[in-house]
Amino acid sequence: MAKIVLWGSLKQAADGQTEIEMDATNVREVLDTLAERYPKLKPQLDRGVSVSIDGVMFRDAWFAPIKPDSEVYVLPRMAGG
Amino acid sequence: MTEQTALKREFKVVGTRPLRPDGIDKVTGRAKFGADANAPGMLYGLILRSPHAHARIKSIDTSKAEKLQGVKAVVTRDDFKRPDRADLIDIWINVMARDKALYDGHAVAAVAATSKAVAREALRLIKVKYEVLPHVIDVDEAMKPDAPILHPDMRTEGVEPKPKKASNVAHRYEFGHGNIEKGFAEADIVIERSFKTEASHQGYIEPHACLASVGPDGQGDLWCCTQGHFMVRNACAGLLGIDVAKLRVTASEIGGGFGGKTTVFIEPVALALSRKANRPVKLVMSRNEVFRATGPTSSSSIDVKIGVKRNGRMTAARAELRYQGGAFSGSPVEFGAMTSFACYDLPNVQTIGHDVVTNRPKQVAYRAPGAPMAAFAVESVVDELAKKVGMNPLEFRLLNAARQGTKSSYGPTFGPIGLEATLERAKTHGHYSAPLGPNQGRGVACGFWFNFGGNTCVSLNIGEDGTVALTEGNPDIGGSRASLTMMAAEELGIPYEKVRTVIADTGALGYNEVTDGSRVTFAAGLATIKAARDAIKKMCGRAAKIWDIPEEAVVWENGHAKPAGPNAGTFKPLSLAELAAKASATGGPIAGHFEVNADGAGVSFATHMVDVEVDPDTGRVTVLRYTVFQDAGKAVHPSYVEGQFQGGAAQGVGWALNEEYVYGKDGRLQNPGFLDYRIPVASDLPMIDTVILEIPNPGHPYGVRGVGETSIVPPLAAIANAVSAAAGVRLTHLPMSPPRILKALMDHQRG
């Protein structure tokens, strides 16, 4: 089971849950599972998020692999200047 | 100065300093910027802007303007239908006011005419009836319960239960880990302070400019200065109901952007005027319009509290950040909250951010958006704590620095990072031990930025004479043409001079994200290397055909295909030029392509050191010496990297000492011009020294990290620490202009 950490404003939309366990092997499965379990999260997920897997930041990378012991953070979507 | 720590690969082109490919064009005036585009039958566009900070628009009468000879089109809010895409709604309201003007300078109508003089006269003939409403400018004032409300339907998101009452606070964000109260209870010393920063503009020298042409067949062309022409195409297509493929956008050379050209302002208006007039329309902003109607960065109000043990180890840190983002939600407070304490290894940390709307222009990104103000507040308190525990500021930071394996204050665990290396190098640099005179002070500060990659698409075409055309889709705002040319040359094994990189229009390549997030040298560089490898594979295949040996038995070395392996046979290596000359006979043109949504950009850290002198009689600050220490992963073209470091420091000097949006009681901007909004000029700056550190980014084939943004994160704090040391009193409000410094000195003297 992968442990997914929701960060920042995302946890409010997930009924205050910060750490969520799920059977997910890639980013797409994480996002689909989150949207299914926490419908209030879906608008934010649709607007876009970043996912950090073992310290490496991904955006829109559905097929980035997640291992059972990976550190996974779902974060606000990164932007810059 | 470049200092390499762990890079194993030997480079031939990367790391050298060849001439920049756009240099001659730019110094001879041949380069074409946004306002240099012209077309036969072109009209001149101008925009009428609100003189009020907050007003209901009761009516707009354009009838007299339309009748004026030479006027070919007038557009108002009625010419812009509500877009389907939710992410375009704020932009739709920003490019042309709907029911309310939300800030001084908000666009209300636009005209296209045969001359600028006629267009100006037409603007005078447009009659707008306003009902002036109460306004709010300051972020703290806007958060008060009785503040004038900008958007009656705005409810603060991120608060449970969701509020029922309208508010100017669009979002509340929270980050952190550990037990903050327990952490402060463990501290021997706790310092808590409040800070303010004023809005500063990116200050690009080239105003926004574009030329739009939409024909009766619905096909359009747009030439403009932007940081992302694919973004412009998609936003304009969505706002005007044009198919994406029918709008072609070409980016001009760009006279600075720094984040400020990552959205659209005049481009949809020019297209709407052109469509209505059936003629090309050129629209160029004045400097006054740039200040009043484009996006400066947020102003902010920040509280910071940090606790330490007597030995200097931090036990807890907390920050509450309030950023106003102008009349629309989306201030970079979330990034401010995430980056506040990213430099430190903290067991207990909490940051709270409030995204606030005010009657100001919609903020736009400015290098490392949100981070410099947060670093100013945090690094000021860190400086005080170091003094309090009797440690030098570099040792204090080293004791608490984030390292590989540190759980960052924004969540993820850091991989290999370079903060420690920048601090160690700063300690041994001659600047740190140089003597100081009377009224002089030295400050140091650290800074962090995420960096990212994103969608990128490049093509690399091998010419029949063995030269190479690299086609990419990111406007060159910081030397990307040079660095991509170098990476292509490095990978192909040919000289830099044999490659030319051009920035293609939106019809030529797949989607390329905006040039932002310090992403281009990393992401487009990665794509260039992969496209070169794609072309190399094809060239090895052609050589294999010529030699009649398996493709696997050919390798690419030093710009040549060579037979390799026990059964490859003995053949004279074929150069890239020889293979290019035979391309037609061996299968046709040779090209390499690569498309990617690049990840693994690698975070970046810097330490800045600055000496200043404060004139106690006038409050004027002179910057005497400045040194930047930053991790670049791998500096592809060190001169450009140094330029990025120096540019960030120079803009930071302006933000720290002089730059400020000044509003009158009527909510109108008082200083929309470079005479009254003072950016640093050459005589305000010392030579900014740089030390490039190279801690390779494992996410890039050459170890590259973005360098464009981190360099603006530490200067506000470093300069504030230096000024505070020189003045003998802590400065907590930016800019530290002479009146603020004099007041601080006088308040201090009065006790």
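Measuring how big the range B:86-125 is from its alpha-carbon positions, Rg and Dmax come out at 12.8, 38 Å.
Dipole of chain B, Cα-centred, from +1 at each Lys and Arg C-beta and -1 at each Asp and Glu C-beta, to the nearest 20 debye?
Numbers: 85 positive and 80 negative charges, 262 e Å.
Its charge dipole is roughly 1260 debye.
Taking Cα atoms of the range B:463-544, Rg/Rh with Kirkwood Rh, to two decimals? The partial results should precede the final answer.
Values: Rg = 12.9 Å, Rh = 13.2 Å.
Expressed as Rg/Rh, it is 0.98.
In this entry, chain B is assigned a mean projected area of 35.6 nm², taken as a quarter of its C-alpha convex hull surface. Global size of the range B:453-598: 15.7, 49 Å for Rg and Dmax (C-alpha atoms, Rg to one decimal, Dmax whole). Between the residues B:Ala187, B:Leu102, B:Gly411, the greatest Cα displacement towards the positive end of the dipole of the protein assembly as shown, with unit charges on the Cβ of Lys, Arg, Asp and Glu, is found for B:Leu102.
By how many nm would the segment from B:Glu192 to B:Asp87 lengthen if fully extended, with 0.36 nm per residue of separation less the alpha-carbon distance? Write out the running numbers ahead of the final one.
Working: separation 105, 0.36 × 105 = 37.80 nm, distance 3.82 nm.
So the chain would gain 34.0 nm between B:Glu192 and B:Asp87.
Return the equivalent ellipsoid semi-axes of the range B:300-383 as a descending list in whole Å, where each equals the square root of 5 times an eigenvalue of the C-alpha gyration tensor.
Values: eigenvalues 145, 23, 18 Å².
Each semi-axis is the square root of five times an eigenvalue, giving 27, 11, 10 Å.
Here the Karplus relation 6.51 cos²θ - 1.76 cosθ + 1.60, evaluated at θ = phi - 60°, turns the backbone of the range B:630-643 into coupling constants of 9, 7, 10, x, 9, 7, 5, 10, x, 5, 5, 4, 4, x Hz, with x for every Gly and Pro. In units of the compact-protein estimate 2.2 N^0.38 Å, the range B:1-106 shows a Cα radius of gyration of 1.89.
I'd like the carbon and sulfur percentage of the solvent accessible area for the range B:453-598, probe radius 1.4 Å, heavy atoms only, ligands and nucleic acids excluded. All intermediate terms of the calculation are to be shown ahead of the outcome.
Values: 2910 of 5600 Å².
It is 52 percent, rounded to a whole number.
Quick one: Debye curve from the C-alpha atoms of the range B:163-265, no solvent, what's log10 I(q)/I(0) at q = 0.19 Å⁻¹? Log-scaled intensity ratios, in q order: -0.98. Modelled this way, with points 7 Å down the Cα-to-C-beta line, the labels at B:Met687 and B:Lys582 are 5.3 nm from one another. Cβ-Cβ distance of B:Thr622 and A:Trp62, R₀ of 56 Å, FRET efficiency by 1/(1 + (r/R0)^6): the value works out to about 0.55. Look at the stretch A:66-78: the mean tally of other chain Cβ atoms within 10 Å of its residues' Cβ atoms is 3. In a simple Cβ point-charge model (Lys, Arg +1; Asp, Glu -1; nothing else charged), the protein assembly as shown has a dipole of about 1660 debye relative to its Cα centre.
If Rh is defined by the Kirkwood formula over all Cα pairs and Rg also comes from Cα, what ratio Rg/Rh do you get for the range B:606-751? Can you show the working numbers first?
Values: Rg = 17.5 Å, Rh = 16.6 Å.
We get a ratio of 1.06 for the range B:606-751.
Using the rule -39500 (n - 2.57) for each DSSP H run of four or more residues, divided by the residues of chain A, the 222 nm mean residue ellipticity is -6500 deg cm²/dmol.
Checking the Cα-Cα distances for A:Lys3/B:Lys182; B:Lys67/B:Lys261; B:Lys164/B:Lys196 against a 32 Å cut-off, the pairs over it are B:Lys67/B:Lys261.
Structure shown: which of B:Lys32/B:Lys530; B:Lys530/B:Lys634; B:Lys32/B:Lys498; B:Lys64/B:Lys129; B:Lys116/B:Lys282 lie over 19 Å apart, alpha-carbon to alpha-carbon? Intermediate values should be presented prior to the final figure.
Details: B:Lys32/B:Lys530 30 Å; B:Lys530/B:Lys634 17 Å; B:Lys32/B:Lys498 24 Å; B:Lys64/B:Lys129 15 Å; B:Lys116/B:Lys282 10 Å.
Where the Cα-Cα span goes over 19 Å, the pairs concerned are B:Lys32/B:Lys530; B:Lys32/B:Lys498.
With a 1.4 Å probe rolled over the protein heavy atoms of all chains, the accessible area of B:Lys498, B:Lys582 falls in the order B:Lys582, B:Lys498, largest first.
Partner shielding of B:448-455 amounts to 4, given as the average count of beta-carbon atoms from other chains within 10 Å of each residue beta-carbon.
Give the calculated FRET efficiency between A:Glu21 and B:Arg310 to the nearest 0.05, with a Förster radius of 51 Å applied to their Cβ-Cβ distance. Please list the in-between numbers first.
Values: r = 41 Å, r/R0 = 0.80.
Efficiency, rounded to the nearest 0.05: 0.80.
Distance between Cα centroids, the range B:247-292 to the range B:127-177: provide it in whole Å. The range B:247-292 and the range B:127-177 have Cα centres separated by 30 Å.
Note on B:Ser286 and A:Arg77: their simple-model spin labels are 3.6 nm apart, each label 7 Å out from Cα toward Cβ. What the protein assembly as shown shows is 38 Å² of accessible area per residue, with the surface traced by a 1.4 Å probe over protein heavy atoms.
Amide H contacts of B:Thr515 (H built 1.01 Å from N, in plane; Pro and chain starts excluded): B:Gly228 sit under 5 Å, all sequence-distant by 5 or more or on other chains. If a/c stays under 1.5 just call it rounded; otherwise compare a/b with b/c (prolate if a/b is bigger, oblate if not). Do that for the range B:447-509, with a ≥ b ≥ c from the square roots of the Cα gyration tensor eigenvalues. Oblate, because a/c is 1.5 or more while a/b does not exceed b/c. Highest average first, the peptides A:54-65, B:476-487 ordered by how many other beta carbon atoms sit within 10 Å of their residues are B:476-487, A:54-65. Note that the range B:151-160 has calculated 3J(HN,Hα) couplings of 10, x, 9, 7, 10, 5, 8, x, 10, 10 Hz, one per residue in order, obtained from phi through the Karplus relation 6.51 cos²θ - 1.76 cosθ + 1.60 (θ = phi - 60°); glycine and proline are x. Taking each residue as 0.36 nm, the span from B:Ala31 to B:Glu66 lengthens on full extension beyond its C-alpha to C-alpha distance by 9.0 nm. Between the listed residues B:Ala583, B:Met487, B:Ser459, the Cα displaced farthest toward the positive end of the dipole of the range B:453-598, a dipole computed from Cβ unit charges relative to the Cα centre, is found at B:Ala583.
For the pair A:Asp32 and B:Ala245, what calculated FRET efficiency results from E = 1/(1 + (r/R0)^6), where r is the Cβ-Cβ distance and R0 = 35 Å, to the nearest 0.05? Let's see the in-between values first.
Working: r = 30 Å, r/R0 = 0.86.
For B:Ala245 and A:Asp32, the calculated efficiency is 0.70.
Each 10 Å bin, from zero up to the one with the longest distance, holds this percent of the alpha carbon pairs of the protein assembly as shown: 3, 13, 22, 25, 20, 12, 5, 1, 0, 0. Ranking B:Leu283, B:Ala535, B:Val662 by Cα position along the charge dipole of chain B, where only Lys, Arg, Asp and Glu carry charges on their C-beta atoms, puts B:Leu283 farthest toward the positive end. Rounded to the nearest 20 debye, the dipole size of the range B:453-598 about its Cα centre is 320 debye, using +1 on the Cβ of Lys and Arg and -1 on the Cβ of Asp and Glu. Per residue of chain B, the DSSP helices (runs of n ≥ 4 H) give a summed -39500 (n - 2.57) that works out to -8500 deg cm²/dmol at 222 nm. Distance between the 7 Å Cα→Cβ label points at B:Ala39 and A:Asp54: 5.1 nm. In chain A, the ratio of gyration radius to Kirkwood radius, Rg to Rh, stands at 0.92 when only Cα atoms are counted. The length gained by stretching the chain between B:Asp548 and B:Glu131 to full extension, at 0.36 nm per residue less their Cα-Cα distance, is 141.9 nm.
The values are calculated or read from the model by the stated rules, or taken from the named source; none is laboratory data. From a predicted model like this one, the values you see are computed outputs, not experimental measurements. All Cβ positions, even for glycine, are placed from backbone atoms using ideal geometry, and neighbour counts span all protein chains on display. Quick note on the areas: whole protein, heavy atoms, side chains included, nothing else; ligands and nucleic acids left out. Shrake-Rupley method; radii C 1.70, N 1.55, O 1.52, S 1.80 Å.
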